[in-house]
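Asker: What follows is a structure written as structure tokens; I'll ask about it next.
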Amino acid sequence: MSKEIKTIGVLTSGGDAPGMNAAIRAVVRKAISNGVKVKGIKRGYQGLLNEEIVDMEKHSVSDIIQRGGTILGTARCAEFRTEEGQNEGVRVCRKHGIDGLVVIGGDGSYRGAQALSRKGINTVGIPGTIDLDIACTDYTIGFDTAINTAMEAIDKVRDTSSSHERCSIIEVMGRNAGYIALWCGVANGAEDILLPEKYDYDEQKIVNNIINNRKRGKKHHIIINAEGIGHSTSMARRIEAATGIETRATILGYMQRGGNPTCKDRYYASIMGAYAADILCEGKSNRVVGYKNGEFVDFDIEEALAMEKDIPEYQYLVSRVLSM
Ligand code: ADP
Ligand code: F6P
């Protein structure tokens, strides 16, 4: 029988994502309504090690559901990857009476949570990343806002690209995952969509595609390039040299991580935040919350981290057919 949970902590870790604030709000308010105290830990695991810990009340999370970023701040913390760092994390939790911890972040952050739970601190993870690359869940907080931000920006680039009859390479985020590129590629009607999971690095195919499209009278050529493919600027130079068509690269960058979360991100974050608080208050540990087949569910972290995710083949094939 697990010991009674009196106080839980909440932190955000890794890359920020729109909707993290809605998740923090839900964790705080649901835990308090369950009769459990909440402490906010600033700057992810780095803030835990630095003991940057504040009491959270219902009003501490007022007026944040609509805001991008994370009010707690986030960080990447190399020290937490070490045994010493993790032992220090456990010591700080115990010192501050933190019986359980909600970690909002990506896969890396889950590994930190897993390490703490192995050392006796109850942990629950919430998927917070714009990349949609966590295998145990069909949805990750921030994805919807990021793709809508990127889609609107790509529409704007397309306008000027058509006016000037140029080719445009637009790089979207996703170091290891092509979901943002796939969704925007389809939604923006891109002519080429380059995903880290699928790209064969044969640039000649793209060049041929551009030349053929121009012959057919197309005024623009939009290439959506996932960050994991990279080299957008040099690719633009090579394509211009090979096709004789003016080619420009636009790297959308961090604008995709910011901005007011969409309704979908606020909603998923709110339900996942409440769910995480509930299972932690019940004394569960080493769990991650997810959304699978239309339901909010939780998995063992080990099981979740062992799962694999790939670009769905049918969706990828459709993206190629529609871009013809
Ligand atoms: P994300 O959570 O978005 O995947 P990172 O991979 O950068 O982002 O991980 C966020 C933080 O989680 C890292 O800076 C580190 O503090 C912690 N972390 C990552 N991997 C591990 C690990 N294997 N063991 C312990 N902590 C880890
Ligand atoms: O995890 C989200 C993400 O935006 C990735 O797509 C990107 O590769 C990474 O974060 C960049 O993170 P940073 O530059 O903040 O370390």
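Asker: Would you pull out the residues with amide H under 5 Å of residue 122's amide H, same chain only if 5 or more places away, H placed 1.01 Å from N?
Answerer: The list, which skips near neighbours in sequence, is 101.
Asker: Also, I was wondering about something else. Could you name the lysines whose alpha carbon sits less than 18 Å from that of residue 156, not counting residues in the same chain fewer than 8 places away?
Answerer: Qualifying lysines at Cα under 18 Å: 218, 219.
Asker: Pop out the ³J(HN,Hα) list for the range 37-46 in order, Karplus 6.51 cos²θ - 1.76 cosθ + 1.60 with θ = phi - 60°, rounded to Hz; leave Gly and Pro as x.
Answerer: 7, 10, 10, x, 10, 7, 6, x, 5, 5
Asker: In the chain, once you exclude exposed trypsin sites (Lys or Arg not before Pro) (DSSP loop, at most 10 other Cβ within 10 angstrom), what's the longest stretch remaining?
Answerer: 4-215
Asker: Give, as a single signed number, the net charge of other residues whose beta carbon lies under 10 Å from the beta carbon of residue 56, with Lys and Arg counted +1 and Asp and Glu -1.
Answerer: +3
Asker: Pull out the extension gain between residue 79 and residue 6, defined as 0.36 nm times the separation in residues minus the alpha carbon to alpha carbon distance; nm, one decimal.
Answerer: 23.5 nm
Asker: Now, a different point. Take residue 307 and residue 200, extend 7 Å from each Cα along the Cα→Cβ direction, and tell me the distance between the two endpoints in nm.
Answerer: 3.1 nm
Asker: So how far, in whole Å, is the C-alpha centre of the range 210-280 from the one of the range 37-76?
Answerer: Each part reduced to its Cα centre gives a spacing of 30 Å.
Asker: While we're looking at this one, here's another question. Work through the residues other than residue 209 whose Cβ is under 9 Å from its Cβ and net out their charges, Lys, Arg +1 and Asp, Glu -1.
Answerer: Residues close to residue 209 contribute a combined charge of -1.
Asker: What percent do you get for the relative contact order of the chain when only Cα pairs under 8 Å and 6+ apart count?
Answerer: Result for the chain is 25 percent.
Asker: Test of understanding: what is the full-extension gain from residue 138 to residue 156, defined as 0.36 nm times their sequence separation minus their Cα-Cα distance?
Answerer: Full extension of this stretch gives 3.6 nm more.
Asker: Roughly how big is the chain's charge dipole about its Cα centre, with Cβ charges of +1 (Lys, Arg) and -1 (Asp, Glu), in debye to the nearest 20?
Answerer: Computed about the Cα centre, the dipole is about 560 debye.
Asker: Using Cα atoms only, what is the angle between the long axis of helix 143-163 and the major principal axis of the chain, expressed in degrees (0 to 90) to the nearest 10?
Answerer: So the helix axis and the longest Cα principal axis differ by about 20 degrees.
Asker: What FRET efficiency comes out for residue 260 versus residue 240 if R0 is 45 angstrom and r is the Cβ-Cβ distance? Round to the nearest 0.05.
Answerer: It comes out at approximately 0.75.
Asker: To the nearest 500 deg cm²/dmol, what mean residue ellipticity at 222 nm is calculated for the chain from DSSP H runs of n ≥ 4 alone, each contributing -39,500 (n - 2.57), summed and divided by the residues?
Answerer: Helix contribution divided over all residues of the chain: -13000 deg cm²/dmol.
Asker: Taking a quarter of the surface of the Cα convex hull of the range 47-118, what do you get in nm²?
Answerer: So the Cα hull casts an average projection of 5.3 nm².
Asker: Could you tell me the calculated FRET efficiency between residue 118 and residue 187, based on Cβ-Cβ distance and R0 = 51 angstrom, to the nearest 0.05?
Answerer: Efficiency at R0 = 51 Å is approximately 0.75.
Asker: Could I ask something else about it? Antiparallel as a % of all DSSP beta bridges within the chain, to the nearest 5?
Answerer: 25 percent
FYI, it's all coordinate maths here, none of it is from the lab. Just so we're clear, the structure is a prediction, and the values are computed from it rather than from any experiment. Cβ coordinates were reconstructed from backbone atoms using ideal geometry, including for glycine residues, and neighbour counts include every protein chain displayed.
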